[in-house]
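The values are calculated or read from the model by the stated rules, or taken from the named source; none is laboratory data. Keep in mind that what you see is a predicted model, and the values were worked out from it rather than measured. Positions of Cβ are generated from backbone atoms using ideal geometry, with glycine treated the same way; all protein chains shown enter the neighbour counts. These accessible areas exclude ligands, DNA and RNA; they are computed on the full protein's heavy atoms, side chains included. Shrake-Rupley method; radii C 1.70, N 1.55, O 1.52, S 1.80 Å.
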Amino acid sequence: MAEREIPFRDRAIETASRAEIERVQLAGLKRQIAQALKTDFYRGRLASAGISSPDDIRTLADIRKLPFTTKGDLREAYPFGLLAVPKEEVVRVHASSGTTGTPTVIYLTQRDLDVASDTMARSLAAAGGTRHDVVQNMMTYGLFTGGLCFHYGAELLGAMVIPTSSGNTLRQLKFMKDFGTTMIHATPSYLLHLHAAIEEEGYRREDLKLRMAITGAEPHSEELRQKIQDKLGIEVYNCYGMSELNGPGVAFECVFRKGMHVWEDRYIFELLNPETFEPVPEGETGELVVTILCRDAMPLIRYRTRDLTRFIPEPCPCGRTHRRIARFTGRTDDMLIINGVNVFPSQIEEVLLKAKGVGANYFIIVEKEGVLDKLTVQVEITPETFADDARVINALRDRLKSEMSALITINPIVEIKQPGSLPVSEGKAKRVDDRRPKD
Ligand code: AMP
Ligand code: ZN
């Protein structure tokens, strides 16, 4: 590694002193407060916290006076409760993966989009991406930010971007070969699937110019990274982001691949104890709470990501001064990430509660099948339905399956169960068994 030149997109800000970063953060925070005060959603909340002007923020420590924002709040503010600019200034809307009745959306002005793309481009540059790369984006295009937001960043870097989107593995491989793709963006599970297809289709290493992959959208271990690197013979970089924070590239690995740098000139990152909301001691695990400093259209203050991680205290050998976070170890809520898509058990419950003929008990199982995740929903039906003929039961199964996939955007397997056959838990019901190996 020592002989390798360390790439930067904007060396001055990426290696700025702590004092300089804090100066930028304070100015950014005041600017965001000014924006937040223009929204219906924050005006009242900030007033209750004693903030009626950006000047009420004097130091960065004042962030602790500010209220938190949750996913539920974003749903409540849907569609335009968080809009801080005239509607005609908005040029783009995105939403979180996995849709529920009310999605969590973000909106961006042209400037917001330019800054978000620059953050993404900076991330890719930190990992050694350049304008010579041919980048194939295998994340789903559409409302999900992994498609377009990544795409714009890679274009800004000057790379040749191929928006193949997700799925259709044989076509992915054809494009990789014919266009000499050097970098791909995909979930870790899809990378394993792609590798299996490469072997099956008989592609040789020299048929492909692939040198690196950017991976994120779902938790994965260091061991899994290693496995993908070994199998594909490439470097794999971890990338963290979420739609609420403009998508991928919020935190990104540099060429040393030892934790992800968080871009502190564009976001303020706090790690808090999820029960007391006090900052955790340096190096300990806490919930990542993020304040966005770079969005005019939709300010977001102290957003509870529910993702658990820790800061890596040692400075990074790359010379960047923006801190690093370790791999995520879990979440503080029950959200499941299934093949990269966010799924809440409550969404599944919602379908079941509405359906006629369904009993009181259900059970969700998540497993690995090959390299992909498999979701099974076991459903008890009522004694009356159970007594009905097989056609009625099959029709019920098909209906539940299609209603669930419409709501959660992935296809579950629905298993119909006899009344009283699923275990009844004492106390708090345990309705999810995540059997996926932890590494
Ligand atoms: P979405 O808003 O659909 O992009 O989903 C965001 C969520 O995906 C985050 O809150 C994380 O739980 C998860 N996620 C994204 N990137 C990573 C990553 N690199 N490692 C672990 N989890 C991730
Ligand atoms: Zn570094």
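Given the conditions (1) under 25 Å from Gln35 (Cα atoms); (2) in contact with a Leu (Cβ under 6 Å, 6 or more places away or on another chain); (3) assigned to a helix (DSSP H, G or I), which single one is not true for Arg92?
For Arg92, the failing item is (3).
Can you name every residue in the range 364-420 that is touching a residue at least 60 places away in the same chain (Cβ under 8 Å) and either closer than 26 Å to Thr102 by Cβ or touching a Lys or Arg at 6+ places or on another chain (Cβ under 6 Å) (or both)?
If the condition is that a residue be touching a residue at least 60 places away in the same chain (Cβ under 8 Å) and either closer than 26 Å to Thr102 by Cβ or touching a Lys or Arg at 6+ places or on another chain (Cβ under 6 Å) (or both), then Ile364, Val366, Glu367, Lys368, Asp373, Leu407, Ile408, Thr409, Ile410, Pro412 are the ones that fit.
Taking Leu224 as the residue in question, decide whether it is among the hydrophobic types (A, V, I, L, M, F, W, C), more than 24 Å from Arg122 (Cα to Cα), away from ligand 2 (no atom under 16 Å from the Cβ) and more than 19 Å from the chain's Cα centre (by Cα).
So Leu224 fails the test.
Residues of the range 131-150 being open to solvent by less than 10 Å² (accessible area, probe 1.4 Å), assigned to a helix (DSSP H, G or I) and either without any contact (Cβ under 8 Å) to a residue 60 or more places away in the chain or more than 18 Å from Met176 (Cβ to Cβ) (or both), which ones?
Answer for the range 131-150, where residues must be open to solvent by less than 10 Å² (accessible area, probe 1.4 Å), assigned to a helix (DSSP H, G or I) and either without any contact (Cβ under 8 Å) to a residue 60 or more places away in the chain or more than 18 Å from Met176 (Cβ to Cβ) (or both): Thr145, Gly146, Gly147.
Looking at Arg399, Arg391, which one is loosely packed, with under 12 Cβ neighbours inside 10 Å, modelled with pLDDT of 85 or more, of a type outside the set (Gly, Ala, Ser) and outside the structural domain of Leu194 (by TED's automatic domain parsing)? So that I can check it myself, show each step before the final result.
Working: Arg399 fails: loosely packed, with under 12 Cβ neighbours inside 10 Å.
Criteria check complete, one pass: Arg391.
Exactly one condition in (1) more than 16 Å from ligand 1 (Cβ to nearest atom); (2) assigned to a loop (DSSP other than H, G, I, E, B); (3) open to solvent by 40 Å² or more (accessible area, probe 1.4 Å) is not met by Asp55; state its number.
Exception for Asp55: condition (2).
Let me confirm something: among Thr376, Thr409, Thr385, which residue is open to solvent by 70 Å² or more (accessible area, probe 1.4 Å) and among the polar types (S, T, N, Q)? Outline the logic, then answer.
Values: Thr376 fails: open to solvent by 70 Å² or more (accessible area, probe 1.4 Å); Thr385 fails: open to solvent by 70 Å² or more (accessible area, probe 1.4 Å).
Of Thr376, Thr409, Thr385, the one residue that is open to solvent by 70 Å² or more (accessible area, probe 1.4 Å) and among the polar types (S, T, N, Q) is Thr409.
Any idea which of (1) without any contact (Cβ under 8 Å) to a residue 24 or more places away in the chain; (2) open to solvent by 60 Å² or more (accessible area, probe 1.4 Å) is the one Gly202 doesn't satisfy?
(2)
Residues are listed down the side, and each one gets a yes or a no for (1) closer than 19 Å to Arg302 by Cβ; (2) in a helix (DSSP H, G or I); (3) in contact with a Cys (Cβ under 8 Å, 6 or more places away or on another chain):
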site	(1), (2), (3)
Tyr42	yes, yes, no
Pro67	yes, no, no
Leu74	yes, yes, no
Thr102	no, no, no
Ala116	no, yes, yes
Gly129	no, no, no
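Can you pull out the strands (runs of 3 or more DSSP E) entirely within the range 333-375 that have at least 3 residues that are more than 16 Å from ligand 1 (Cβ to nearest atom) and out of contact with any helix residue (DSSP H, G or I) (no Cβ under 8 Å at 6 or more places or on another chain)?
358-369
Given the structure, is Ala125 among the small types (Gly, Ala, Ser) and crowded, with 17+ Cβ neighbours inside 10 Å?
Taking the combined requirement at face value, the residue satisfies it.
For the range 90-111, does any single residue satisfy the condition of being in the same structural domain as Thr321 (by TED's automatic domain parsing), more than 20 Å from Leu143 (Cβ to Cβ) and among the β-branched types (Val, Ile, Thr)?
No, the range 90-111 contains no residue that is in the same structural domain as Thr321 (by TED's automatic domain parsing), more than 20 Å from Leu143 (Cβ to Cβ) and among the β-branched types (Val, Ile, Thr).
Which one of these is within 15 Å of ligand 1 (Cβ to nearest atom) and either at pLDDT 95 or above or at positive phi (or both): Thr305, Thr291? Please lay out each step first, then the result.
Numbers: Thr291 fails: within 15 Å of ligand 1 (Cβ to nearest atom).
Only one candidate qualifies: Thr305.
For residues that are in contact (Cβ under 8 Å) with a residue 24 or more places away in the chain and open to solvent by 30 Å² or more (accessible area, probe 1.4 Å), scanning just the range 258-279, find the one that is nearest to Pro313 (Cα to Cα).
Lys258
Count, please, the residues in the range 76-89 that happen to be of a type outside the set (A, V, I, L, M) and not in a helix (DSSP H, G or I).
Looking only at that region, the number is 5.
Among the residues of the range 296-316, how many are of a type in the set (Val, Ile, Thr) and over 20 Å from the mean Cα position of the chain (by Cα)?
Within the range 296-316, residues that are of a type in the set (Val, Ile, Thr) and over 20 Å from the mean Cα position of the chain (by Cα) number 1.
State yes or no: is Thr119 surrounded by 15 or more Cβ atoms within 10 Å (Cβ to Cβ), within 16 Å of ligand 1 (Cβ to nearest atom) and within 30 Å of Lys209 (Cβ to Cβ)?
yes
Evaluate the following for Gly128: is it under 15 Å from the mean Cα position of the chain (by Cα) and either on the phi > 0 side of the Ramachandran plot or not assigned by TED's automatic domain parsing to the domain that holds Tyr237 (or both)?
no
Answer yes or no: is there a residue in the range 158-180 that is hydrophobic (A, V, I, L, M, F, W, C), modelled with pLDDT under 95 and touching a His at 6+ places or on another chain (Cβ under 9 Å).
Checked the range 158-180: no residue is hydrophobic (A, V, I, L, M, F, W, C), modelled with pLDDT under 95 and touching a His at 6+ places or on another chain (Cβ under 9 Å).
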